[in-house]
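Asker: Quick one: this structure, given as C-alpha cells, is what I'll be asking you about.
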Amino acid sequence: MSENGMDLRNTRTPILSEGNAEEKREEIRRYFHATYSLDEQLYETLAAEKAFYLRPEPLRHPLVFYLGHTAVFYINKLLVAGITTERINPRFESMFAVGVDEMSWDDLNDAHYDWPTLAEVKAYRDRVRGVVDETIQSMPLAMPIDWDNPFWVILMGIEHQRIHLETSSVIIRRLPIEMVKQLPLWSICPESGEAPQNSLIPVAGGHVTLGKTKQHPLYGWDNEFGRQEHDVWDFSVSRYLVSNREYLGFVEDRGYDQERFWTPEGWKWAKYSQARHPLFWIDSPAGYRFRTMARIIDMPWNWPVEVNYLEAKAFCNWLAEKSGKPIRLPTEAEWYRLRDLHDIPDQPYWEKAPGNINLEHWASSCPVNHFQFGEFFDVIGNVWQWTETPITGFDGFQIHPYYDDFSTPTFDTQHNLIKGGSWISTGNEATRDSRYAFRRHFFQHAGLRYVESEQPLVMPEAMYETDTAVSQYCEFHYGNVYFNVPNFPARCAEICCDYTQGRPRRAALDLGCAVGRASLELARQFDRVTGIDFSARFIRIALALKEKGNVHYELVEEGEVVSYHEARLSDAGLDGVADRVVFFQGDATNLKPQFAGYDLILAANLLDRLSDPRRFLETIHERLEVGGVLVLTSPYTWLEEFTKKANWIGGIRKAGEPYMTFDGVRDLLGPHFALLGPPQNVEFVIRETRRKHQHTIAELTAWERIR
C-alpha cells in the first residue's frame, strides 16, 4: 500500500512557496510516483482485460483510453512546453490525447479506434514513467514554483492524473459487477443504518471574495485565479447532505414522473433516460440495493444520495412545494460562505482529513452524520455538492498556455460547479479553491445539500468571448472587411474550389481551421468537411457557430474600452451547410488514423506555426487521395517560439545561398506531389484595435498528389 514508504491513499498536494529546491524536487518526485501507482492500483479492480474495452458510460471512452490518456498527457504537455522534443509513440500520443469526455468535439466513435492491447498500453506507461522521473530529476528548479515555472507542467500532469482517479472510478462503478473485484486498498465504509432527520440551520450572510493570485502557495487550474466578489444574503442550509432515505421521499412521490418539478432540460433528460431512481440504486425484489465502486450492498439509507444536477434541482423543487419554502441548491458563493465560517484548514495543512475526502478514510461514501463541522456535517467530503452556479472565469482570468482547453470549453453556461470534494477527491481537488464543473446530466460521486434563501439567482446569459486571440479571429472570419481586403478564409475556400473543378468533392480537410469559416465555406461544394485545430479555444467557437448559428465576442476599441459583436452564420449564408461540417481538436503533425481519404486538404497559415513542419509535409500525402489537391498558405514568418530554428524548412541559407520556404516545400512535397500553377499572393487583415491592424501577404500554393 506504499510507494517508497508513502501511503498511496494519504498524500498531499505540495506547498510550492517554501523549502529548498532539492527537497522540493524530491517531494514532487515522490508525489508523482505515488500518483502514478495509485492510478494503476485503481485499474487492478477490473476483473478481466475485457473490462477495459467496454463502454458502460456512453458519453465517455472505454477505460483503456484513460489508462493511456493520463500517461500521454505528460508527454504532450512536455512537448508543448518545449521541455522535450521527442515523442515516445506518436500513434498513442494522438489516439489517447483528447479526453475532455463530454465535449461535443470528442470523438467517441468506436469505429475510429483500433485500441491497443493492455500489455502495449502498460509498456507505454512504464516508458512514460521513466521519462517523467528523469525529467523531474534533471530539470533545473528554482523556488518558488509558480505557473511560469517549468515544474508547473510536471504538477499539471500529476494533478490531471488525480482528476482521472475520480472520473475513472465513476466509470468503473458503472461496469457490470462481474467485471470488477473488491480489493483491500479500496475498502468501503462498513457503517450504515437509518438516516437522521434533516433540518435547516441559519447562516449569516456576508461578503465573499473568490479566486486566488498567482502567488498562491498551491497548484491551481486556470479557472481558480482572478477575483470575484459577492454579497451573500442571510440564508439557511441543510444540516446534512441529502441522504438516500431523504431522497426516497421524492422517488416514492413519483417525482420522476411529474414535469412540474423539473427544468425543461431536466424533463427532457428524465424522459430520455427513463430514470425512476438514482443511478447507483438497484431495484430488486427485496427492495433497493446500492452499487459502490466494486460491490453491491444493502441500501445504506444514511449515506448521501448521488445524483446529477438535474435530479438535484428537481428534488429541491419538490421539497420547496412540499415545505412552502424557497428551497434551492446553494450558489458557489453561498457554499464558500458556509465553508469559510468553519475555518477548515486547506488540504496540505491538515493533520488528518476532517471529512471523508482525500482517500484518508474509505473508498466509498459514509453516513451523513459521521463528520461534524460545528452544527453541520460534511461541509467538505463524502460526495461533491451540486451548485446553482454555471462555471465562468473570474475577473482577470487567463488560460495557461500549456493547457488552453482545461476550463474554456466549460464556459458555455451548460456546466455547473460542484463543490466540497468526494471520498476520492485528492490533490488539487481536495483544496479550498478547486473549481470543477460538469454538464448537468453527468454523474460524478456527487449529491446535494439545499438552502433556503430569498436572494435571487443571477445566471449568465449570452456570453461575450473575451479571449483576445479568439475574439480577433471571430472578427477575422466573420466580421467586417478592412481596407477592401477580402475575407481571407472565404477567399482561400474559393481558390480551393477553383483548383478542384472537375475533381471529386466528396471530403475536404481544413487543418488549422481556427473558428471555422473556411470549413463552412468549403461545405458549399463538398459533401463533408472536417475542421481540425490544435486550440480548443478556437474549436469551441467553431462548434458553437455550427450548433447555435451565432456567437458573441468583444473587441478592443481603445485601452479598456470594448465593443460587443455577434457573428451569425446566416449573415454569410452558411447556416444551410453547417450539418456537413464536423470539428475536432487535433495536432496537424500527429493526426489520428481516421483523418484520411480526403479529396482536398487546406492548411492555411499553419506551416510556420508547427513544431515539426518537415514531418507534416513528408506525411500529408497519407491523408489525401491520389489526384487530390493540397492547398497551403503561409506568410513564412518563422519564429523560434513556434518552430526551433533547426526545424525551419526555409528562410535559411544552404551552402551560403538563400533557401526560401517555397524551395523547402517543393523539395519535401516533390516525391508525392506536382505543383498546380505558380504561387499566388493572398492578403489578409487582422484587427487588433480600432486603430491598429495587421496587414499580411500569404503565399498560396496548390499541389496535386500524383503518387
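Asker: Out of the residues in the stretch 354-383 meeting the condition of being of a type in the set (V, I, T) and touching a Leu at 6+ places or on another chain (Cβ under 9 Å), tell me which one is farthest from F290 (Cα to Cα).
Answerer: Step one: of the stretch 354-383, the residues of a type in the set (V, I, T) are 357, 368, 379-380, 383.
Narrowing further to those that are touching a Leu at 6+ places or on another chain (Cβ under 9 Å): 368, 379, 383.
Details: V368: 16, V379: 23, V383: 15 Å.
The extreme case among them is V379.
Asker: I need the full set of residues from the stretch 176-198 which are assigned to a loop (DSSP other than H, G, I, E, B), surrounded by fewer than 21 Cβ atoms within 10 Å (Cβ to Cβ) and touching a residue at least 60 places away in the same chain (Cβ under 8 Å), in order please. Please lay out each step first, then the result.
Answerer: If we filter the stretch 176-198 for residues that are assigned to a loop (DSSP other than H, G, I, E, B), which is where we start, we get 176, 181-183, 187-198.
From what is left, the residues that are surrounded by fewer than 21 Cβ atoms within 10 Å (Cβ to Cβ) are 176, 181-183, 187-194, 196-198.
If the condition is that a residue be assigned to a loop (DSSP other than H, G, I, E, B), surrounded by fewer than 21 Cβ atoms within 10 Å (Cβ to Cβ) and touching a residue at least 60 places away in the same chain (Cβ under 8 Å), then P176, K181, Q182, L183, S187, I188, C189, E191, S192, G193, E194, P196 are the ones that fit.
Asker: Evaluate the following for D405: is it assigned by TED's automatic domain parsing to the domain that holds W350, touching a helix residue (DSSP H, G or I) at 6+ places or on another chain (Cβ under 7 Å) and of a type in the set (D, E)?
Answerer: Against the criterion (assigned by TED's automatic domain parsing to the domain that holds W350, touching a helix residue (DSSP H, G or I) at 6+ places or on another chain (Cβ under 7 Å) and of a type in the set (D, E)), D405 qualifies.
Asker: Let me ask something else. Please state which one of L457, L448 is assigned by TED's automatic domain parsing to the domain that holds V203 and at negative phi.
Answerer: Numbers: L457 fails: assigned by TED's automatic domain parsing to the domain that holds V203.
After applying the criteria, what remains is L448.
Asker: State all residues of the stretch 534-573 that are among the basic types (K, R), touching a residue at least 12 places away in the same chain (Cβ under 8 Å) and surrounded by fewer than 13 Cβ atoms within 10 Å (Cβ to Cβ); if no residue qualifies, say none.
Answerer: none
Asker: Among the residues of the stretch 204-263, what is the count of those that are closer than 30 Å to R276 by Cα and of a type outside the set (K, R)?
Answerer: 24
Asker: Just checking, which of R29, R60, R55, R91 is modelled with pLDDT under 95 and part of a helix (DSSP H, G or I)?
Answerer: R91
Asker: Has the stretch 159-176 got at least one residue that is more than 23 Å from P14 (Cα to Cα) and over 22 Å from the mean Cα position of the chain (by Cα)?
Answerer: Yes.
Asker: Name the one entry in E388, E351 that is farther than 29 Å from R291 by Cα and assigned by TED's automatic domain parsing to the domain that holds G211.
Answerer: On inspection, the qualifying residue turns out to be E351.
Asker: Can you list residue pairs whose Cβ atoms sit under 8 Å apart, with the first residue in the stretch 209-238 being within 26 Å of G19 (Cα to Cα) and in the same structural domain as N428 (by TED's automatic domain parsing) and the second being among the basic types (K, R) and surrounded by 15 or more Cβ atoms within 10 Å (Cβ to Cβ)? Count only pairs 6 or more apart in sequence or on different chains.
Answerer: Note: pairs meeting the criteria are G220/K212; W221/R435; E224/K212; E224/R435; F225/K212.
Asker: For the stretch 644-651, does any single residue satisfy the condition of being in contact (Cβ under 8 Å) with a residue 60 or more places away in the chain, surrounded by 20 or more Cβ atoms within 10 Å (Cβ to Cβ) and outside the structural domain of R91 (by TED's automatic domain parsing)? It would help to see each step written out before you state the result.
Answerer: If we filter the stretch 644-651 for residues that are in contact (Cβ under 8 Å) with a residue 60 or more places away in the chain, which is where we start, we get 644.
Then keep just the ones that are surrounded by 20 or more Cβ atoms within 10 Å (Cβ to Cβ); that gives none.
No; the residues of the stretch 644-651 include none that is in contact (Cβ under 8 Å) with a residue 60 or more places away in the chain, surrounded by 20 or more Cβ atoms within 10 Å (Cβ to Cβ) and outside the structural domain of R91 (by TED's automatic domain parsing).
Asker: A follow-up question, please. Please determine, by comparing only the residues of the stretch 378-402 that are surrounded by 22 or more Cβ atoms within 10 Å (Cβ to Cβ) and aromatic (F, W, Y), which one is nearest to V153 (Cα to Cα).
Answerer: Ranking the qualifying residues of the stretch 378-402, first place goes to W384.
Asker: Determine if the stretch 13-25 includes at least one residue that is surrounded by 20 or more Cβ atoms within 10 Å (Cβ to Cβ), in contact (Cβ under 8 Å) with a residue 24 or more places away in the chain and within 26 Å of W362 (Cα to Cα).
Answerer: yes
Asker: Can you name the residue in the stretch 387-417 that is of a type in the set (A, V, I, L, M, F, W, C) and in a loop (DSSP other than H, G, I, E, B) and is also modelled with the highest pLDDT among such residues?
Answerer: For the stretch 387-417, the residue satisfying everything is I391.
Asker: Restricting to the stretch 439-458, name every residue that is at pLDDT 95 or above and part of a strand (DSSP E or B).
Answerer: A446, G447, V451, E452
Asker: A further question on this structure: Considering only residues of the stretch 581-596 that are touching a strand residue (DSSP E or B) at 6+ places or on another chain (Cβ under 6 Å) and in a loop (DSSP other than H, G, I, E, B), which is surrounded by the fewest Cβ atoms within 10 Å (Cβ to Cβ)?
Answerer: G586
Asker: Restricting attention to the stretch 199-225, which residues are part of a loop (DSSP other than H, G, I, E, B) and not β-branched (V, I, T)?
Answerer: The answer is S199, A204, G205, G211, K214, Q215, H216, P217, Y219, G220, W221.
Asker: Please enumerate the residues belonging to the stretch 501-533 that are surrounded by fewer than 21 Cβ atoms within 10 Å (Cβ to Cβ), in a loop (DSSP other than H, G, I, E, B) and touching a residue at least 40 places away in the same chain (Cβ under 8 Å).
Answerer: Residues satisfying the conditions are R503, P504, R505, R506, R524, D527.
Asker: Mind listing whichever residues of the stretch 477-500 are in a helix (DSSP H, G or I) and in contact with a Lys or Arg (Cβ under 7 Å, 6 or more places away or on another chain)?
Answerer: Residues satisfying the conditions are H477, Y478, P489, A490.
Asker: Shifting gears a bit: Considering only the stretch 601-639, state which residues are part of a loop (DSSP other than H, G, I, E, B) and aliphatic (A, V, I, L, M).
Answerer: L606, L610, L639
Asker: Next question. Could we say that Y473 is crowded, with 22+ Cβ neighbours inside 10 Å and more than 28 Å from G516 (Cβ to Cβ) here?
Answerer: Spelling it out, it is not the case that Y473 is crowded, with 22+ Cβ neighbours inside 10 Å and more than 28 Å from G516 (Cβ to Cβ).
The values are calculated or read from the model by the stated rules, or taken from the named source; none is laboratory data. Here the structure is a predicted model, which is why all the values come from computation and not from measurement. Heads up, the Cβs are rebuilt from the backbone with ideal geometry, glycines too, and the neighbour counts pull from every protein chain shown.
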